[in-house]
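Okay, structure first, notes after.
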Amino acid sequence: MSRVKTPLLSPSRSYNKMYCGFFFFKNMEIFDVPGLTLRHELKAGDLGRLIEFSGIYGHSDFDYPIAFEGYVAETFAEFVINPKPLNRLWMVEDEQGLVGTIGVVDRGDTAQLRWFSVRPDWRENNLGKFLFGAAMEYIQENDFQKAWLSTFSESEIAIAFYKRRGFRIMVETDVEIGGKNYHEIVMEKSFLT
């Protein structure tokens, strides 16, 4: 199915809100994009879908091995088994399933950004900027001192995206996933003044 690539979602700097179609919203509480739904709560079967979503696009975009899905499964297990008060997950869906995801994991005074992914047919519509902006707003409103995330060097577009939003590379390490070596990059942004 082919879709026209139009800038459906665009940020509006006024009043720290986002503009979506003809609807303003703050904190993603009002989300009115025809054909899309947003939710934060997990339902039966969601973990499998979230792991599948990460695995499919991790493999197609970066050729990550099947063991990458195992790694992602561990991170979601921690999120569900040991929930923290300020953990938050954004899942955007259409009639075909997941369209985009991002999560914030409460690590005390630090927030970890996880599971940021957008389905390829939605990547030109600013959905990624929208989700990332909502997560960052949530982090700041909940007084986290800093945010951090990890990615791999293969994700050059993502690394540039994070740098443009004030994240700095803090640590680089080599890791093995499923018998393949990857260069992991940990990035951080401080909110302390």
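The values are calculated or read from the model by the stated rules, or taken from the named source; none is laboratory data. Keep in mind that this is a model prediction, so the values were computed, not measured. Cβ placement follows ideal geometry from the backbone for every residue including glycine, while neighbour counts extend to all protein chains displayed. In case anyone asks, the SASA skips ligands and DNA or RNA and just uses the protein heavy atoms, side chains included. Shrake-Rupley method; radii C 1.70, N 1.55, O 1.52, S 1.80 Å.
Extending 7 Å from the Cα toward the beta-carbon at both Glu188 and Ile56 defines two label points whose distance is 3.6 nm.
Computed over protein heavy atoms with a 1.4 Å probe, the accessible surface of the range 58-146 works out to 42 Å² per residue. For the residue pairs Lys146/Lys180; Lys129/Lys180; Lys84/Lys146; Lys43/Lys189; Lys84/Lys129, alpha carbon separations beyond 20 Å are given by Lys146/Lys180; Lys129/Lys180; Lys43/Lys189; Lys84/Lys129. Computed as a quarter of the hull surface, the mean projected area of the alpha carbon convex hull for the range 60-193 stands at 8.7 nm². Computed from the Kirkwood radius of its Cα pairs, the Stokes-Einstein diffusion coefficient for the range 37-127 at 20 °C and 1.002 mPa s stands at 156 µm²/s.
Taking amide H atoms as placed 1.01 Å from N in the peptide plane, the amide H of Asn87 lies under 5 Å from those of Asp106, each 5 or more residues away in sequence or on another chain.
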